[in-house]
Amino acid sequence: MNDKQLKKRSIRSFVKRDSRLTKSQQQALDNYWDKHGINFSSDLINFETLFNRHAPVIMDIGVGTGDTTFFHAQNHPENNYLAIEVHKPGIGRLLNSIESKHLNNIKIINHDVIDVLTEQIPNHSLSQVFIFFPDPWPKKRHHKRRLINNKLIELLKKRIAQNGRLHIATDWENYADQIQALCDGDQELLNLNSNDHSSPRPNWRIKTRYETRGIRLEHQVWDFCYALNNSVKN
């Protein structure tokens, strides 16, 4: 199945809500989007041109309020970060954070990640991909809306560079089971903590508000880290 077919058959993993923007968030979108945002298009992104340098590119999918992206970009200026988020209030907040520290290693796309991966991201261009606490869609009838499925993984395998990393975290047990079954069963992905095991929580990953809420509800947290398997030809 090619990328266009994957995109066509994809069910949206989100519902667009008309969340109210604060005055600060709206001002950030009005004043800073042209500087840090990328409009969705069918043109491939040239990351060296976009960031005006050659550096590893880390895609952060579903960044919410952008706290994780901002933290990593501030503490790892050697990397470039591409934040993907569909909800504008979080983007406004992240834009304000970027401007507050004058960061130049974050760019943001306000669009569905399936479309972005299909149209805008070159093959083998991403050093890492973060998917931290995606919407669990807990009701069984909504599981089909979960972001992490075979279609997404097939796209990511083509976009992640050889020896790149895919890092996922969730606090929903049946979602963790689904993720592990999907990724461990893929011969092109290598579980860096061996099959049938999640990874220890990395010290470098800060707690998001979703993780904090899950812990408050006494949920366990599962981290998974995968690399492209060099022994399998793409």
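The values are calculated or read from the model by the stated rules, or taken from the named source; none is laboratory data. Just so we're clear, the structure is a prediction, and the values are computed from it rather than from any experiment. For neighbour counting, all protein chains shown are included, and Cβ atoms are generated from backbone atoms with ideal geometry for every residue, glycine included.
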Residues in segment 126-133: is at least one in contact with a helix residue (DSSP H, G or I) (Cβ under 8 Å, 6 or more places away or on another chain) and not hydrophobic (A, V, I, L, M, F, W, C)?
no
So for segment 120-134 (the condition being within 23 Å of Pro56 (Cβ to Cβ), assigned to a loop (DSSP other than H, G, I, E, B) and without any contact (Cβ under 8 Å) to a residue 60 or more places away in the chain), does at least one residue qualify?
yes
Single residue of segment 10-42 satisfying the filter (over 19 Å from the mean Cα position of the chain (by Cα) and outside any helix (DSSP H, G or I)) that is modelled with the lowest pLDDT:
Asp18
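For Asn203, are the conditions met, namely being without any contact (Cβ under 8 Å) to a residue 24 or more places away in the chain, assigned to a loop (DSSP other than H, G, I, E, B), within 25 Å of Asn80 (Cα to Cα) and not hydrophobic (A, V, I, L, M, F, W, C)?
Values: without any contact (Cβ under 8 Å) to a residue 24 or more places away in the chain: yes; assigned to a loop (DSSP other than H, G, I, E, B): yes; within 25 Å of Asn80 (Cα to Cα): yes; not hydrophobic (A, V, I, L, M, F, W, C): yes.
The answer is yes for Asn203.
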Of (1) touching a residue at least 12 places away in the same chain (Cβ under 8 Å); (2) surrounded by fewer than 18 Cβ atoms within 10 Å (Cβ to Cβ), Asp30 satisfies every one except (1)
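Can we say Leu155 is under 16 Å from Tyr226 (Cβ atoms), surrounded by fewer than 22 Cβ atoms within 10 Å (Cβ to Cβ), among the aliphatic types (A, V, I, L, M) and in contact (Cβ under 8 Å) with a residue 60 or more places away in the chain? Give the steps one after another, and end with the answer.
On the way: under 16 Å from Tyr226 (Cβ atoms): yes; surrounded by fewer than 22 Cβ atoms within 10 Å (Cβ to Cβ): yes; among the aliphatic types (A, V, I, L, M): yes; in contact (Cβ under 8 Å) with a residue 60 or more places away in the chain: yes.
Yes, satisfied.
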Failed item, numbered, when Val86 is tested on (1) under 15 Å from Ile61 (Cβ atoms); (2) surrounded by fewer than 21 Cβ atoms within 10 Å (Cβ to Cβ); (3) touching a helix residue (DSSP H, G or I) at 6+ places or on another chain (Cβ under 8 Å)
(3)
Does segment 74-84 hold any residues that are within 14 Å of the chain's Cα centre (by Cα) and closer than 18 Å to Arg205 by Cβ, and which are they?
Tyr81, Leu82, Ala83, Ile84
Residue selected from segment 43-71 under the condition assigned to a helix (DSSP H, G or I), touching a residue at least 60 places away in the same chain (Cβ under 8 Å) and over 18 Å from Val113 (Cβ atoms), by the criterion farthest from the chain's Cα centre (by Cα)
Phe71
I'd like the full set of residues that are surrounded by 13 or more Cβ atoms within 10 Å (Cβ to Cβ) and of a type in the set (D, E, K, R), limited to segment 180-212.
Asp184, Asp186, Glu188, Arg201, Arg205, Lys207, Glu211
So Ala169 ticks every box in (1) touching an Asp or Glu at 6+ places or on another chain (Cβ under 6 Å); (2) in a loop (DSSP other than H, G, I, E, B); (3) touching a residue at least 12 places away in the same chain (Cβ under 8 Å) but one. Which box is left unticked?
(2)
Number of the exception - Ile148 against (1) touching a residue at least 60 places away in the same chain (Cβ under 8 Å); (2) more than 18 Å from Ala55 (Cα to Cα); (3) touching a strand residue (DSSP E or B) at 6+ places or on another chain (Cβ under 7 Å); (4) outside any helix (DSSP H, G or I):
(1)
